[in-house]
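Notes follow the structure.
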Amino acid sequence: MRTVEEHQAIVAALFAEPRPVTVPAAAALGRVLADDVVAGVTLPGFDNSAMDGYAVIASDIAHATETDPVILPVAEDIPAGRTDQLTLSPATAHRIMTGAPVPAGADAVIQVELTDGGVSEVRISAPVPAGAAIRAAGSDIGSGTRALSSGRVLHAPQLGLLAALGIAEVAVFAPLRVLVLSTGSELVPAGTPLQYGQIYESNGAMLTAAAIEAGAISEQVHFVPDDVDQFRARLDEYVDGADGTAVDLIITSGGVSAGAYEVVKDALVGHGVEFTKVAMQPGMPQGCGTYTSSGGTAVPIITLPGNPVSAQVSFEVFVRPALRAAMGLPASRRTTTASVTEPITSPRGKRQFRRGELTIADGVTSVRPIGPPGSHHLAFMASANALLDIAADTDRVETGADVEVLILEDS
């Protein structure tokens, strides 16, 4: 059997390097910058007021007190957005709003709370130093300087900066398009009455969501029957689709083990896909390769086991890191070390991934195993926020011992 690390490397080798594309900045949320972003303007673009108040010459109000205020005529009102350029004369004030341009000649803004708020004249009851409450042009970023570095994941603050710099388009690494197929004639859609021997299809929904959470664009193909010819026909229909939408990766679940009706294996053996066993629990049967359609289109394909926990754990261990790296995203989940709250047994020779609940209390990081190791216990998977990563050479972990933990949730 392959080790987990060996199969991870084989899966990762299926993917090409991240591909840069230019997109509207507003559509770049969650994407990764392919190039540095250089500011084409300064921020702020002009000296502006940091608060509501009055633009003044600091020396004009240097001796102002509450008992002996300085009284100045108010020559202008300057709201934010006023575009004409004003000049402040000595011994006068301009009423000014937050963000409005500071008039030439003014060297300070006195906040309105230190005045009587006058309109035609203003009584000022305290001095301020030169430069007070003025945001100097270029004090945030200067034109020609690097605003964002390549490789940066774009979140809300970065999109705000792009907007403030007037940048309408940005080069990012393209999201990959993932096609998810679930096989099994026993599968029926939610909302349909079940007949004996049928189950509701869950892997497709779960793996499609997992691919989207990983940053990809994902589409689910429903209910591919257990028939080799129909499976290949459905696969080619999407890979060679007339709509011109390229598929970057195909993920299947089910039909990869050693049974008599393993449609995925039967359909893809000899078509560029290798099936193997990986020394792990759950998720031992795996497959991957490059599928070439009847139309000559070659697409990477990863075939996951059909049991739902096996499929999800396999996605986390093999697919998610490689998929994210191919989009320029940080590949790995966060990991930590935690003490187990109860003893765990593990099959020696297999790397076990157990569902767990990770908690941090009073500075102590601990993890509680959730449910048995069986690969059909999806409810326990849904309750977990972590996977315990138990080494292949370990057959028992005692209470209080430390284990490696893969954190499944960001919060």
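Counting only DSSP beta bridges with both residues in the chain, tell me the antiparallel percent, nearest 5.
Once the DSSP bridges in the chain are tallied, antiparallel ones form about 65 percent.
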Placing each pseudo-label 7 Å from Cα in the direction of the beta carbon, R19 and Q195 end up separated by a distance in nanometres of 4.2
Could you rank the peptides 171-180, 386-395 by their average count of other C-beta atoms within 10 Å per residue, with the highest value first? 171-180, 386-395
Taking the alpha-carbon centre of each part, the distance from segment 21-47 to segment 145-160 in Å is 7
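Working out 0.36 nm times the residue gap between A205 and E76, then minus their Cα-Cα distance, what length gain in nm do you get to one decimal?
On the way: separation 129, 0.36 × 129 = 46.44 nm, distance 6.27 nm.
So the chain would gain 40.2 nm between A205 and E76.
Which value, in debye to the nearest 20, gives the size of the charge dipole of segment 98-257 about its Cα centre, when Lys and Arg are +1 and Asp and Glu are -1 at the Cβ? Let's see the in-between values first.
Values: 7 positive and 18 negative charges, 148 e Å.
Using only the charged Cβ atoms, the result is roughly 720 debye.
Net charge near T335: determine it from the other residues with C-beta under 11 Å of the C-beta of T335, scoring Lys and Arg +1 and Asp and Glu -1.
Working: positive: R333, R334; negative: D389, E404.
Taking every other residue near T335 into account, the sum is 0.
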1.4 Å probe accessible area per residue over the chain, in Å²: 47
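Just to verify a number: FRET efficiency for I407 and D227, C-beta to C-beta distance, R0 = 45 Å, to 0.05?
On the way: r = 40 Å, r/R0 = 0.90.
My answer for the efficiency is 0.65.
What's the carbon and sulfur percent of segment 266-399's accessible surface, probe 1.4 angstrom, rounded to a whole number? All intermediate terms of the calculation are to be shown ahead of the outcome.
Values: 2660 of 5310 Å².
Heavy-atom surface of segment 266-399 belonging to carbon and sulfur, 1.4 Å probe: 50 percent.
Applying a 10 Å radius around every beta-carbon, put 39-45, 300-306 in order of their mean neighbour count, most first. List each step's numbers first, then the result.
Numbers: 39-45: 16.4, 300-306: 25.4.
Listed from highest to lowest mean packing, they are 300-306, 39-45.
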Subtract the Cα-Cα distance of A26 and A137 from 0.36 nm times their separation in residues, and report this length gain in nm to one decimal. 37.4 nm
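Determine, for each peptide in 195-203, 267-275, 398-406, the mean count of other beta carbons within 10 angstrom over its residues, then list the peptides with the highest first.
On the way: 195-203: 13.4, 267-275: 16.9, 398-406: 15.0.
Highest-to-lowest ranking by the protection proxy: 267-275, 398-406, 195-203.
How much length is gained on full extension from E6 to R152, taking 0.36 nm per residue of separation minus their Cα-Cα distance? Present the calculation step by step, with values, prior to reporting the outcome.
On the way: separation 146, 0.36 × 146 = 52.56 nm, distance 2.93 nm.
This chain segment gains 49.6 nm when fully extended.
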Return the whole-Å distance between the Cα centroid of segment 173-232 and the Cα centroid of segment 251-301. 15
Could you list the residues of segment 88-129 with an amide nitrogen less than 11 Å from a label point located 7 Å from the Cα of F46 in the Cα-to-C-beta direction? 100-104
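Could you work out what % of the accessible surface of segment 48-205 is carbon and sulfur, using a 1.4 angstrom probe and leaving DNA, RNA and ligands out of the count? Walk me through the intermediate numbers first.
On the way: 4210 of 7920 Å².
That share works out to 53 percent.
The values are calculated or read from the model by the stated rules, or taken from the named source; none is laboratory data. Computed from a predicted structure; not experimentally measured. Cβ sites come from the backbone with ideal geometry, for glycine too, and all protein chains shown count toward neighbours. Note: accessible area is taken over every heavy atom of the protein model, side chains too, but ligands, DNA and RNA are not part of it. Shrake-Rupley method; radii C 1.70, N 1.55, O 1.52, S 1.80 Å.
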